[in-house]
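Okay, structure first, notes after.
The values are calculated or read from the model by the stated rules, or taken from the named source; none is laboratory data. Quick caveat, the model's predicted, so the values are computed rather than measured. Here the Cβ positions follow ideal geometry from the backbone for every residue, glycine too, while neighbour counts run over all protein chains shown. Heads up: the accessible areas ignore ligands, DNA and RNA and are worked out on the full protein's heavy atoms, side chains in. Shrake-Rupley method; radii C 1.70, N 1.55, O 1.52, S 1.80 Å.
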Amino acid sequence: MDDDGAQDVVSELAGQGLGAWGLLQIAGCTGLAAYSVWALVLMPGFRKVPLKLQVPYMPASARQVENVMTLLKGRAGKMADLGSGDGRIVLEAARRGFHPAVGYELNPWLLRLSYFYAWRSGYERRVTYLREDLWKVKLHDCDNVSVFLAPSVLTLLENKMLAELPADARVVTGRFPLPTWAPSAIIGEGTDRAWAYDIRTIRRTGTTPELGTEV
């Protein structure tokens, strides 16, 4: 078919509109693409985790990462990101001098993506990404912890962190606050908001929520 003929076909199709069959084809392709993303990127990290503990991957924004770092300003020691996704919070922590900077992520595709970003930034030797179930990670040596997880798992995570973290540890959560802990500081607005919690304070005062200090 020559160029003029191809243009005639395109024009004819444009004039006729998609129709029900065309819309059905587009919907099918869209569904297939969505399933492919689920199967390759999300599904591998979920197979070994009970349904109620599964957390979908949603990358942190640049503002969210900056808010986490602001709430950890002046601190040092180990930085651990529980459910590290594509590793951007761990990478930024390494840039700001936290050592070791470790991400725990069950999904192997996201781990590869994390190491790619670290390599591209020249920090591949200063970060560590481990394929581990965050519920099995031991937190006794974690001085700083970041958490970007769904509300459905945060109550269970509170119990784990309270039992395992050292007294001087600080926990920073993004998108959602911990349900029963009182934050020491809050920064940001809307989906970029982040909350900081000091383990020593939580153990001393209990876990009744109250208004934290805006940073």
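Summary of values
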read-out	value
Long-range neighbours under 6 Å by Cβ, at least six apart or interchain, first residue closer than 16 Å to Met161 by Cβ and without any contact (Cβ under 8 Å) to a residue 24 or more places away in the chain within the range 121-146, second aliphatic (A, V, I, L, M) and open to solvent by less than 10 Å² (accessible area, probe 1.4 Å)	none
Residue match in the range 92-101 (condition: open to solvent by less than 60 Å² (accessible area, probe 1.4 Å), more than 30 Å from Thr205 (Cβ to Cβ) and of a type in the set (Asp, Glu))	yes
In the range 159-178, the residues that are under 22 Å from Tyr57 (Cβ atoms) and not basic (Lys, Arg)	Met161, Val171, Val172, Thr173, Gly174, Phe176, Pro177, Leu178
Residue, surrounded by the most Cβ atoms within 10 Å (Cβ to Cβ), within the range 71-91, restricted to residues that are free of Cβ contacts under 8 Å to residues at least 60 places away in the same chain and in a helix (DSSP H, G or I)	Val90
